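*Asks:* Would you mind keeping the following structure in view while I ask a few things?
Nothing in this text is a laboratory measurement; each read-out follows from the coordinates by a stated rule. All of these numbers come straight from a predicted model, not from anything done at the bench. Counting neighbours? That spans all protein chains shown, and the Cβs are built from the backbone with ideal geometry, glycine included.
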């Protein structure tokens, strides 16, 4: 029973969505909207599960004084701090909690912006080290990849205005438009079919690992 | 460790240090860069430039502070172009954490021009739902955005009165750090045929090329290079052109490292082969 | 130019105030009205919508070039009264009335053009239509036909595997074969295994595929008594993962080793999540890292950090843009489809393998369509026979809906 009911629900919702795709008539056209509404509500409440998991883990760390419990303390402190700032700002600005001047906006401006930008910026460094390691002309196909990568990299950012760099720019444009796109479309078609097969397996209840 | 082995296994920290220098120096000393205008950025510019004055343009901020260094100069440049061409700007976004950012950028650029809130531009903020929001907007914008970001009803602003759905909007200019761009192409273009130009982070750009290739979108400003190109096109050099210099030298440094790594790799392989032959 | 004027005008004037002022400017020449107005039920919808089409006024972009917009009016009877219902700018040849009150009731429409001096034309001809809801979306035959065809292929190979027990061949997928090796090596080194599901939600098909792979990995970690750590971005994915891992540990006969707290929620901020997972990698130094699911720009940030701590890394995603990053920084990468095939591959269940065979047959059909389309396109481009029209029809058929 514990397995049959979820499988039946999956089958019914899956079929309902497929039917709704082809029938614009009421009530079929409303199926998707209703299910999305439900999903939004469930997701909202699920966040509480996340908060519970996070706080339980870190409060236990602090209580047990596990190694690195100081970090858990900082996390808990900031979690509560930002939460309180959010509530106060929401009350203060009638729901528009991210209005400039609010305490939540302060958090956004001086913490979220610089911290997020820093993490994203790490990408530049990691691309450098990964490219250095990965682009080795081991075999013919690796060599082709390497040559293409170098041309695109130089073509995107010409350091001088001359015929050579103009050629590189045009080549990299061509390369991105034609061969890159051709390969990508191939992978996409494969992925779409894979997703189709997977969906079918899920709807028909053949694939059920995720339902354990 | 032989010199060749060392060349093929450079410590990552050395790479990081040199890269940091190459990025910081051009920014600090404001070394200008040569900017090549890619075909796709030129297309985006031409589309916006071809709109008659007064046409409403919908800007969508689909990024957050993480991608700000790339997308902020880009959106600033396109906004400048829009205000210069006297287009009406409607600002919205699909990423809640990007809305304060879009407000900052919009107000900053608006101050440079003789424009008035509610008459020449408006900020309608964020509504959850992504694709669903786009579909609703295709029928009636007010069904999702009934008020602007300050809580005033849309109809209280003169510029919004005749604007109901995509058929009243000349162009959507969306700035993407994720897959919202594909959703714009799929729903807003796919279902309602609205014209779209897109600005994307360099990471996202290759994902969007197919949509440009099939003309589902009419222009693509890709990454910092695209932003710099746009600054060049509107003849208003700013942050992107300076940051571009860093990026150009960073690319060259990476290419150098790749070349060095390969030299080391080849030499080691040669030495190994010679050794093998000798033992045979 | 007309569009420009239309918008300039529209922002100053609401349609309600238009009609009252027209009497003052009777001296001005009236623009020509739009002609050939047709009304019809909007196709493929739920009803309560009527679509109008017309030929633009002679003075729109031509003639006096004075038209800047069209006003649309609706009435319940031919005689009126006609109420204003909407406006579109010059150059437009259609309007969708989406506020039709009742289906199967005839409504009458007329359209007037208007100049920037608020001068309206005479009314156009009156057109009428009824709206109906449709029982089938005719633009979606393409989806239906191919959907049914592909489903048939799956069903065919599925039943063949089930009934005849035909053994199906599946090529080696190195990344999946390496799962055991990775967990084994981690165990030997006394290090934990890290599984990162990326920043997808439970409704992403790649996340579900990742969870099925997680189930197999959890069985191995349970057998080897190795710790499995899994930070999460979505609380629902976390809950599902906890259940799956618990089940795997039970099946492996080691339910006591399951620690729910090792499958925990981190944050729903993209780079906050990346920072958190990176921190865990640096502190826990896992021997094997699985990056499976939906990844965006954080893919390389995670994979490079994983590489720097010396872990064996097996990645898998359906985000094509992130594949190059994974391929360059990880030991093995499952490319989209391979990831979806993982549960079939690992279980070797003939029924599951049957669906992969079905996938391949579908691919053959798609390749055939692409080749036919290409040939038609080339012949059409060379103006040979009717191929040009055939090609356009083919493209249109596929892009509908």
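*Asks:* Could you work out how far helix B:12-28 tilts from the main Cα principal axis of chain B, as a 0 to 90 degree angle to the nearest 10?
*Replies:* The helix B:12-28 is inclined about 50 degrees to chain B.
*Asks:* Taking beta carbons within 10 Å but only from partner chains, what does the mean come to for residues B:175-181?
*Replies:* The mean count of partner-chain Cβ atoms within 10 Å per residue comes to 2.
*Asks:* For chain A, rounded, prolate or oblate, judged on the Cα gyration tensor with a ≥ b ≥ c (square roots of eigenvalues), a/c < 1.5 rounded, else prolate if a/b > b/c?
*Replies:* On the way: a/c = 1.86, a/b = 1.18, b/c = 1.57.
Cα axes put chain A in the oblate bin.
*Asks:* Tell me the label-point distance for the pair residue A:3, residue C:181, using the 7 Å Cα-to-Cβ offset, in nm and rounded to one decimal.
*Replies:* Result for the modelled spin labels: 3.3 nm.
*Asks:* Then there's this: Choose one answer from C:276, C:147, C:63: the residue with the largest mean-square fluctuation in a GNM of chain C with alpha-carbon springs under 10 Å.
*Replies:* Between C:276, C:147, C:63, it is C:63 that shows the largest mean-square fluctuation.
*Asks:* Within 10 Å of each Cβ in A:38-45, how many Cβ atoms from other chains are there, averaged over the peptide?
*Replies:* For peptide A:38-45, the averaged partner shielding equals 2.
*Asks:* Quick one: among B:98, B:264, B:125, which has the greatest mean-square fluctuation in a GNM of chain B with alpha-carbon springs under 10 angstrom?
*Replies:* It is B:264.
*Asks:* Here's a follow-up. Taking 7 Å along the Cα-to-C-beta vector as the label spot, tell me the residue A:192-residue C:142 distance in nanometres, rounded to one decimal.
*Replies:* Between residue A:192 and residue C:142, the simple spin-label model gives 0.9 nm.
*Asks:* Let me ask you something else. Can you give the helix-only mean residue ellipticity at 222 nm for chain C, where every DSSP H stretch with n ≥ 4 adds -39500 (n - 2.57) and the sum goes over all residues, rounded to the nearest 500 deg cm²/dmol?
*Replies:* Values: 13 runs with 175 residues, N = 401.
Taking each H run of at least 4 residues, the total per residue is -14000 deg cm²/dmol.
*Asks:* Rounded, prolate or oblate for the stretch C:174-340? Axes are the square roots of the Cα gyration tensor eigenvalues, ordered a ≥ b ≥ c, and the cut-off for rounded is a/c under 1.5. Numbers along the way, then the final one.
*Replies:* Values: a/c = 1.36, a/b = 1.22, b/c = 1.11.
Judged from the Cα gyration tensor, the stretch C:174-340 comes out rounded (a/c under 1.5).
*Asks:* Turning to a different aspect of this structure: Express the relative contact order of the stretch A:68-134 as a whole percentage, based on alpha carbon pairs under 8 Å and six or more residues apart in sequence.
*Replies:* 17 percent
*Asks:* Per-residue Cβ counts within 10 Å, from other chains only, averaged over B:159-165: what number is that? Kindly include the intermediate steps, with their values, before the conclusion.
*Replies:* Numbers: counts 4, 1, 8, 14, 3, 4, 2.
So the per-residue partner count for this stretch is 5.
*Asks:* Next question. Using alpha-carbon positions, what is the distance between the centroids of the stretch C:189-212 and the stretch B:80-137, in Å?
*Replies:* Answer, in whole Å: 37.
*Asks:* Relative contact order for chain B: what percent, with Cα pairs under 8 Å and sequence separation of 6 or more? Display every interim value, and only then the final one.
*Replies:* On the way: 473 pairs, mean separation 81.2, N = 280.
The normalised contact order for chain B reaches 29 percent.
*Asks:* Now for a separate question. Taking chain B as the reference, fit the longest principal axis to its C-alpha atoms, fit the long axis of helix B:99-112 to the helix C-alpha atoms, and give the angle between the two in degrees, 0 to 90, nearest 10.
*Replies:* 80 degrees
*Asks:* Given the rule -39500 (n - 2.57) for each run of at least 4 DSSP H residues, summed and divided by the residues of chain A, what is its mean residue ellipticity at 222 nm, to the nearest 500 deg cm²/dmol? Please report the intermediate quantities before stating the final value.
*Replies:* Details: 8 runs with 164 residues, N = 212.
Calculated from helices alone, the mean residue ellipticity at 222 nm is -26500 deg cm²/dmol.
*Asks:* Between the stretch C:333-366 and the stretch B:15-76, what is the C-alpha centre distance in whole Å?
*Replies:* Cα centroid of the stretch C:333-366 versus Cα centroid of the stretch B:15-76: 42 Å apart.
*Asks:* For helix B:223-233, what angle does its Cα long axis make with the longest principal axis of chain B, in degrees from 0 to 90 and rounded to 10?
*Replies:* Helix B:223-233 and the main axis of chain B meet at about 60 degrees.
*Asks:* Taking the alpha-carbon centroid of each part, what is the distance from the stretch A:164-208 to the stretch A:49-125 in angstrom?
*Replies:* The stretch A:164-208 and the stretch A:49-125 have Cα centres spaced 37 Å from each other.
*Asks:* Can you classify the stretch A:68-134 as rounded, prolate or oblate using the Cα gyration tensor, where a ≥ b ≥ c are the square roots of its eigenvalues, rounded means a/c under 1.5, and otherwise it's prolate if a/b beats b/c and oblate if not?
*Replies:* On the way: a/c = 4.81, a/b = 1.87, b/c = 2.57.
Here the stretch A:68-134 falls in the oblate category.
*Asks:* Divide by every residue of chain B the summed helix terms, -39500 (n - 2.57) for each DSSP H run of at least 4, and state the resulting mean residue ellipticity at 222 nm, rounded to the nearest 500 deg cm²/dmol. Walk me through the numbers on the way to the answer.
*Replies:* Numbers: 10 runs with 139 residues, N = 280.
Helix contribution divided over all residues of chain B: -16000 deg cm²/dmol.
*Asks:* Okay, next question. Which distance in nm do the two modelled labels at residue B:271 and residue A:141 give, with both placed 7 Å along the Cα-to-Cβ direction?
*Replies:* 3.0 nm
*Asks:* A further question on this structure: Give the calculated FRET efficiency between residue A:12 and residue A:52 to the nearest 0.05, with a Förster radius of 41 Å applied to their Cβ-Cβ distance. Before the final figure, lay out the partial values.
*Replies:* Values: r = 30 Å, r/R0 = 0.74.
With R0 = 41 Å, the Cβ-Cβ based efficiency is 0.85.
*Asks:* Right, here's the next one. Treat the count of other C-beta atoms within 10 Å as a stand-in for reagent exposure and order C:154, B:192, A:77 from fewest to most.
*Replies:* Ordered from fewest to most neighbouring Cβ atoms within 10 Å, C:154, B:192, A:77 come out as A:77, B:192, C:154.
*Asks:* Just need the relative contact order of chain C here, percent rounded to a whole number, with Cα pairs under 8 Å and 6+ apart.
*Replies:* Averaging sequence separation for qualifying contacts and normalising by length gives 14 percent for chain C.
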